[in-house]
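Accompanying notes for the structure given below.
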Amino acid sequence: MGMTIAEKILKSHTTAKEFKSGDIIKVDIDIALANDITAPIAIKAFRSCSQKGVFDLDRIVLVLDHFTPNKDIASAEQCKFVRDFAKEYHIGNFFDAGEAGVEHALLPEEGLTLPGDLIIGADSHTCTYGGLGAFATGVGSTDFAAAMLTGQAWLKVPESMKFIFKGKPGRWVGGKDLILYLIGDIGVDGALYKVLEIEGPAISALDLSNRLTMANMAIEAGAKAGIIAPDAVTDAYIKPRARRDYTMYKSDHDATYVSIKEYDCEVIEPQVAFPHLPENTRGISEVGEITLDQVVIGSCTNGRIEDLRVAASIMKGNKVAKGLRCIILPATPRVFKMAEAEGLIKIFLEAGSIIGPPTCGPCLGGHMGILAQGERALATTNRNFVGRMGHPKSEVYLSGPAIAAASAITGKISSPQEIIV
Amino acid sequence: MILKGRVFKFGDDIDTDAIIPARYLSTSDPFVLKKHCMEDIDSTFSSKVAPGDIIVAGKNFGCGSSREHAPIAIKAAGVSCVIASSFARIFFRNSFNMGLAIFESDELASQVREGDILEVEVATGVIKDLVTGKAFKARGIPQFMQELIADGGLIEHIKKRGRL
Ligand code: SF4
């Protein structure tokens, strides 16, 4: 019987001879990842086991990206704790200071995450790497500790759901809009415990950045992983970066899916998710008058160079609305350098934006753009839960970089068509 | 093992930011975390909850981030188990990895009321509402997870067995 990509990757990473969905299997890990919030708990657990070292130095990745540059004494202590551990155990893939960026933007850039990999990360957006054709899933700190100790994780074998995107997306419709549309359709638990396999002509035409954006938000539909089959686009990106061999799996034609759904991109408008769930989506034409106090462009969802290019193309020659705080956080140092070299930073600064360092920062209400009571933000991030970006009585709307940039200029949620005709 | 406690009821899609807001994540100290457990939906929760009490919620409990601070905060607050229609997957695995018992029962989640007293038999998943007299059967827990709970969580499991 045919197999899905997810099943093929699981099969190549487990000793279990046969398995079906719902079974618990133990799998070997290619990459295990944690950050400044989730690593400390894992390190304490790891140390309590009095092991000699981690299972494989090349396969452990630690990134200090959430509350960095340290926002207060507690977060400074937390980072130091991880830093000391990385030094003591000679963790090579340790990203700190000027080398650190938002983890899920950083790892693909570094060529650490590859097609066909089985990746676990103590961060829910680990599913991002599914955009490369990996089976990547978010776990907790203790799973990360167990992976450091044993090189393994336990997984419940998921079923797969297939989503086919047909037609040509409109000018301002990117990966973010497509995935928001999908989440709006199936809901925040629409894919609970399952794999979202995303394909179709519109997906084949997407660049890798937009594919990563889509896989990134699979968790926002409750999915265990989001996977896009690797192709020539993937290979062109990965080949110069990869330091290991990789396998590009494809699903068999007779693979089994719990559901198959088709969307026509021609009818999908740029999307906005209303507070307080990513499923509360509306097409831009149905948004109405929503004034804003802040716009944030960044994060593992939409902080890559492709996103900044879209934003800059709209902001060029325009000014950010008076009183609105437009905060732009290039997701990694490399993105920052490219944005500088391409003149994007200049465009943002001249428009009156605030440029911050590569950090998660306001995305999770950490720092660098926290909302006061009653304030409203539009962000290119992935979550708009109550209190996500600050005060429990603040509001977060989600969109792609095009809507965000246009809205920063008008001061209310707007289509780029209002700026560029 | 029998768990017994008062019910605190919550709705659908209770996310990890609601269970423990990100602004408190610069620590993983259970004693600090428990004070802020559920703070943004019910600011009095941490002062009302007593050892053994039980959280009952709707679908997709624990959705959102991977933070283990969420089950840690719940466990530290004295909650003996969480029963929901369904759980978000990372919360699901984190709970077992931390040794926090969780049960899925749609029927129970819709019928039990705030303040009811429940008695939960962990091994069988049989749950009795001592106020209304109703009995429920939660979905069974797979063998490997039963091992995890018996061993006291994933790390203790590895210590004891020398493998995953
Ligand atoms: S950018 Fe936001 S969603 Fe992405 S890893 Fe950082 S906090 Fe999480």
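The values are calculated or read from the model by the stated rules, or taken from the named source; none is laboratory data. Keep in mind the model is a prediction, meaning the values are calculated, not measured. Backbone-built Cβ (ideal geometry, glycine too); neighbour counts: all protein chains shown. All accessible areas refer to the heavy atoms of the entire protein, side chains included, with ligands and DNA or RNA removed. Shrake-Rupley method; radii C 1.70, N 1.55, O 1.52, S 1.80 Å.
Take every Cα pair under 8 Å in the stretch A:270-418 that's 6+ residues apart, average their separations, divide by the length, and report that relative contact order as a whole percent. Spell out each step's value before the answer.
Values: 359 pairs, mean separation 49.5, N = 149.
Relative CO of the stretch A:270-418 lands at 33 percent.
When only the Cβ of Lys, Arg, Asp and Glu is charged (+1, +1, -1, -1), the dipole of the protein assembly as shown relative to its Cα centre reaches about 780 debye.
For the stretch A:296-421, give the percent of accessible area contributed by carbon and sulfur heavy atoms, probe 1.4 Å, rounded to a whole number. Walk me through the numbers before you get to the answer.
On the way: 2380 of 4230 Å².
So the carbon and sulfur contribution to the accessible surface is 56 percent.
Between A:S259, A:S394, A:S124, the residue with the greatest mean-square fluctuation in the GNM of chain A (Cα pairs under 10 Å linked by springs) is A:S259.
Surface exposure of chain B, expressed per residue as accessible area with a 1.4 Å probe, stands at 36 Å². Candidate cross-link partners of B:K4 among the lysines, defined by an alpha-carbon separation under 28 Å and a same-chain spacing of 8 or more, comprise B:K34, B:K35, B:K48, B:K59, B:K75, B:K128, B:K134, B:K137. Here the Karplus curve 6.51 cos²θ - 1.76 cosθ + 1.60, taken at θ = phi - 60°, turns the phi angles of the stretch A:214-221 into couplings of 5, 5, 3, 9, 4, 4, 6, 9 Hz, with x standing for Gly and Pro.
Given Cα positions, please report Rg to Rh for the protein assembly as shown, the hydrodynamic radius being the Kirkwood one.
Working: Rg = 22.7 Å, Rh = 23.8 Å.
Over the Cα atoms of the protein assembly as shown, Rg/Rh equals 0.95.
Residues of the stretch A:21-67 that bury at least 10 Å² of accessible area when the other protein chains are present, relative to the chain alone (probe 1.4 Å, heavy atoms, ligands and nucleic acids excluded): A:I24, A:K26, A:I37, A:T38, A:I41, A:K44, A:A45, A:S48, A:C49, A:F67. Across the stretch A:148-153, rounded Karplus estimates of 3J(HN,Hα) from the backbone phi angles (6.51 cos²θ - 1.76 cosθ + 1.60, θ = phi - 60°) give 4, 6, 10, x, 10, 9 Hz, Gly and Pro being marked x.
In percent, how large is the relative contact order of the stretch A:5-262, given Cα pairs closer than 8 Å and 6 or more residues apart?
Working: 536 pairs, mean separation 62.1, N = 258.
Contact order relative to length: 24 percent.
Taking springs between alpha-carbon atoms closer than 10 angstrom, which of A:A86, A:A218, A:A405 fluctuates most in the Gaussian network model of chain A? Largest GNM mean-square fluctuation: A:A86.
Percent relative contact order of chain B, based on C-alpha pairs within less than 8 angstrom and at least six residues apart? Write out the running numbers ahead of the final one.
Details: 355 pairs, mean separation 38.2, N = 164.
Rounded, it is 23 percent for chain B.
Let me check I've understood the local charge: for A:R383, count other residues with C-beta under 10 angstrom from its C-beta, Lys and Arg +1, Asp and Glu -1. What total comes out? With Lys, Arg at +1 and Asp, Glu at -1, the net is -2.
Residues in the stretch B:109-123 carry Karplus couplings, in order, of 4, 8, 9, 7, 10, 3, x, 4, 9, 10, 10, 10, 8, 4, 4 Hz; the curve used is 6.51 cos²θ - 1.76 cosθ + 1.60 with θ = phi - 60°, and Gly or Pro positions show x.
Computed over protein heavy atoms with a 1.4 Å probe, the accessible surface of the stretch A:5-262 works out to 34 Å² per residue. Split the accessible area of the stretch B:63-143 by element, probe 1.4 Å, and carbon with sulfur accounts for 53%.
A straight Cα-to-Cα reach below 17 Å connects A:K346 with the lysines A:K316, A:K319, A:K337, residues fewer than 8 places away in its own chain not being considered. For A:F95, the amide hydrogen comes within under 5 Å of the amide hydrogens of A:L62, A:V63, A:L64, counting only partners 5 or more places away or on other chains and with H modelled in the peptide plane.
Summing +1 for each Lys or Arg and -1 for each Asp or Glu, what net charge is found among the other residues whose Cβ lies under 15 Å from the Cβ of B:Q143? Don't jump to the answer; show the numbers that get you there.
Working: positive: A:K26, A:K156, B:R139, B:R161; negative: A:D23, B:E147, B:D151.
Local net charge: +1.
Contact with the other protein chains removes 10 Å² or more of accessible area, compared with the isolated chain and a 1.4 Å probe, from these residues of the stretch B:55-73: B:K59, B:N60, B:C63, B:G64, B:S65, B:S66, B:R67, B:E68, B:H69, B:I72. Accessible area buried by the pairing of A and B, both sides summed with a 1.4 Å probe, works out to roughly 3700 Å². The residues of the stretch A:350-369 occluded by other protein chains by 30 Å² or more of accessible area, set against the chain on its own, are A:L364; surface from heavy atoms, 1.4 Å probe.
Note on the stretch A:5-262: dipole from Cβ charges, positive end direction compared against A:C49, A:F81, A:P169; the farthest Cα belongs to A:C49. Rolling a 1.4 angstrom probe over the stretch A:5-262 with all protein chains present gives an accessible area of which 50% lies on carbon and sulfur atoms.
Considering the convex hull of the alpha carbon atoms of the stretch A:270-418, report its projected area averaged over all viewing directions, in nm², one decimal.
Details: hull surface 29.5 nm².
Averaging across all directions leaves 7.4 nm² for the Cα convex hull.
Name the shape class, rounded, prolate or oblate, that the alpha-carbon gyration tensor gives for chain B, where a ≥ b ≥ c are the square roots of its eigenvalues, rounded holds for a/c under 1.5, and otherwise prolate holds if a/b is larger than b/c and oblate otherwise. The shape class here is oblate.
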